[in-house]
Amino acid sequence: MYKKIRFYIRFISALTTRYYPYLIAGLVLAVITFFSFPYLISRLPTLRLTQKIAIIGRYTLTDLPSTITDKITIGLTSLDQSGQPGAGAAKSWEISPDGKTLNFTINTDLVWHNQTSLVSSDIKYQFKDAIIEYPDSGHLVFHLKDPYSPLPTLLSKPIIRYQTSKLFKSTKVLGLGSYKISSFKSNGGVLESLLLSPVNSGSKQPYLSYRFYSSSQQARTAFKLGLVDQIEDLPDLAELKDWPNTTVNKTRSTERYVGLFFNTQGPNFSGASGKNFRLAISYAVNKTRWQYRAISPISPDSWAFNPDTKRYDQDVKRAQELMKKVEKVPEKLVINTVPAYLSIAEEVKKDLADIKLNSEILVSQEIPSEFDILLIAQATPTDPDQYNLWHSTQTTTNLTKLNNPRIDKLLEDGRKTYNLTERKKIYYDFQKYLTEEAPTVFLFYPELYTLYRK
């Protein structure tokens, strides 16, 4: 036993004597590795998940949906949940006493995706009746012909730079957000797919792989085949309603509302008799069948929304009384609509039958220039300014051909007033008088679904 111990001691001593430089080097390397291991791990590429997302619609690289652009970049301003503008790429802004000059101070600490700093001259706009100046790299000045209070809200539109290479026949999209476009595939300019990757390589954000489909049915089929694991803003679940291993989030889209638009200058709905006819139909339609009611053209999320606006809840008796004041009831009332709203038109037709109104539904992809009633969706502007939609001078965009001097004056004052309290009062009155005039029966905000695979 003693001889074995002595043998091992001599063997280790001889080994150490012969190889001690290597042993010391190995020990030093082990110590260095031990203390630097956490740092080395943190520098390794992060393993990321890839979210495969379906988007419904035809888009190009210069016309991306907001769900994508909001990740790529920011606007000169940003909007809070009520639609009020705040700091974005501009840290602040000042408005001249006459309301015609707006001076924006740019946040030059922001960096584009190509690692160049943001300067004011990077931001390009084309506005009618506005002169834009760049006095220095940190300021952007708008000189307006007339005061225009919606401007800070409009400037929340995402800022994007496009770099086109003639040599490689490619376009690069640069933004200021936390994601950048890594690659895309298009056909005739229309996007088929697009990949977003995090700007910060050390973050734990996933890759976002988007596929674009022209219809809801195509997107649902892609989901069933496993090509995507998520569908955004799906208007109808259809066969995926009870699909296994899925999660569904339902939301209210206030970017547009569906309504019945009357031709207020047509033979059936003009004058005092025509107004009574419009009011009768407003009371006849049962709006409780829709979860997300619309009662005015301004979003219920907006700071300018008037919750006391007249609602026109269904009242068949009141509708029948108003019908007695209509000078001439047409033998057949025509309801024009698009295929997507045919089922809604059929429900409205049944409601009108309750007040002895005979109606016919005409379906077309095209919006007719002349109509009695048009069942359609109309966009809800981000700012409460709706001059283009209701002012009597706007012959192209004023669907109902409304001509009301009081409403015209409110719309004119609303876009020239910067004071928030005064603007709010103006748009409260606008909603009150507009709904009393009843050029439109406001029905509902569409339901949208986001579908996830568990």
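The values are calculated or read from the model by the stated rules, or taken from the named source; none is laboratory data. Everything quoted here is computed from the prediction, not taken from an experiment. For neighbour counting, all protein chains shown are included, and Cβ atoms are generated from backbone atoms with ideal geometry for every residue, glycine included.
Matching residues to (1) out of contact with any His (no Cβ under 6 Å at 6 or more places or on another chain); (2) surrounded by 17 or more Cβ atoms within 10 Å (Cβ to Cβ); (3) closer than 25 Å to R252 by Cα; (4) of a type in the set (A, V, I, L, M, F, W, C):
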| position | (1), (2), (3), (4) |
| --- | --- |
| A353 | yes, no, no, yes |
| E370 | yes, no, no, no |
| W390 | yes, yes, yes, yes |
| T396 | yes, no, no, no |
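Residue count for the range 402-436 satisfying the condition of being surrounded by fewer than 18 Cβ atoms within 10 Å (Cβ to Cβ) and closer than 28 Å to F277 by Cα: 9.
Kindly check whether there is at least one residue in the range 296-305 that is of a type in the set (F, W, Y) and either closer than 18 Å to P446 by Cα or assigned to a loop (DSSP other than H, G, I, E, B) (or both). Yes - at least one qualifying residue is present in the range 296-305. If you go through the range 310-325 and keep only what is surrounded by fewer than 20 Cβ atoms within 10 Å (Cβ to Cβ) and assigned to a loop (DSSP other than H, G, I, E, B), you end up with K310, R311, D313, Q314, D315, K324, K325. Has the range 138-159 got any residue that is in contact with a helix residue (DSSP H, G or I) (Cβ under 6 Å, 6 or more places away or on another chain), more than 18 Å from S92 (Cβ to Cβ) and assigned to a strand (DSSP E or B)? Yes, there is a match, as at least one residue in the range 138-159 is in contact with a helix residue (DSSP H, G or I) (Cβ under 6 Å, 6 or more places away or on another chain), more than 18 Å from S92 (Cβ to Cβ) and assigned to a strand (DSSP E or B). In the condition set (1) surrounded by fewer than 13 Cβ atoms within 10 Å (Cβ to Cβ); (2) under 25 Å from N200 (Cβ atoms); (3) among the polar types (S, T, N, Q), N107 is compliant with all but (1). Cβ-Cβ contacts under 9 Å between residues 6 or more apart (or on different chains), taken from a first residue in the range 397-420 that is closer than 19 Å to T440 by Cα to a second residue that is part of a helix (DSSP H, G or I) and of a type in the set (V, I, T), are listed as L410/I426; L411/I426.
Screening S270, S216 for residues that are free of Cβ contacts under 8 Å to residues at least 24 places away in the same chain and buried (at least 16 other Cβ atoms within 10 Å of the Cβ) leaves exactly one candidate, S270. Checking Y20, Y59, Y8, Y2 one by one, the residue that is hydroxyl-bearing (S, T, Y) and at pLDDT 70 or above is Y59 and no other. Just one of the listed residues (K432, K350, K425) is within 29 Å of K157 (Cβ to Cβ), part of a helix (DSSP H, G or I) and modelled with pLDDT of 95 or more, and it is K425.
The single condition among (1) surrounded by fewer than 19 Cβ atoms within 10 Å (Cβ to Cβ); (2) touching a Leu at 6+ places or on another chain (Cβ under 6 Å) that F261 does not satisfy is (1). Looking only at the range 169-192, residues that are assigned to a loop (DSSP other than H, G, I, E, B) and out of contact with any strand residue (DSSP E or B) (no Cβ under 9 Å at 6 or more places or on another chain) come to 2 in all.
When K172, K128, K145 are checked against the criterion of being closer than 16 Å to T62 by Cβ and of a type in the set (D, E, K, R), a single residue qualifies: K172.
Per the conditions (1) outside the structural domain of S392 (by TED's automatic domain parsing); (2) more than 30 Å from R453 (Cα to Cα), the sole criterion not satisfied by A238 is (2). Here Q81 meets the list (1) in a loop (DSSP other than H, G, I, E, B); (2) more than 30 Å from P300 (Cα to Cα); (3) not aromatic (F, W, Y) almost entirely, failing just condition (2). Of all residues in the range 161-173, those satisfying the criterion of being surrounded by fewer than 19 Cβ atoms within 10 Å (Cβ to Cβ) and either at pLDDT 95 or above or not charged (D, E, K, R) (or both) are Y162, Q163, T164, S165, L167, F168, S170, T171.
Scanning the range 219-239 for residues that are surrounded by fewer than 19 Cβ atoms within 10 Å (Cβ to Cβ), touching a residue at least 60 places away in the same chain (Cβ under 8 Å) and part of a helix (DSSP H, G or I) yields a count of 1. One residue stands out among those in the range 209-250 that are of a type in the set (A, V, I, L, M) and in contact with a helix residue (DSSP H, G or I) (Cβ under 7 Å, 6 or more places away or on another chain): the one that is nearest to I55 (Cα to Cα), which is I231. When we screen G177, G99 for residues that are out of contact with any Pro (no Cβ under 6 Å at 6 or more places or on another chain) and small (G, A, S), the only hit is G177.
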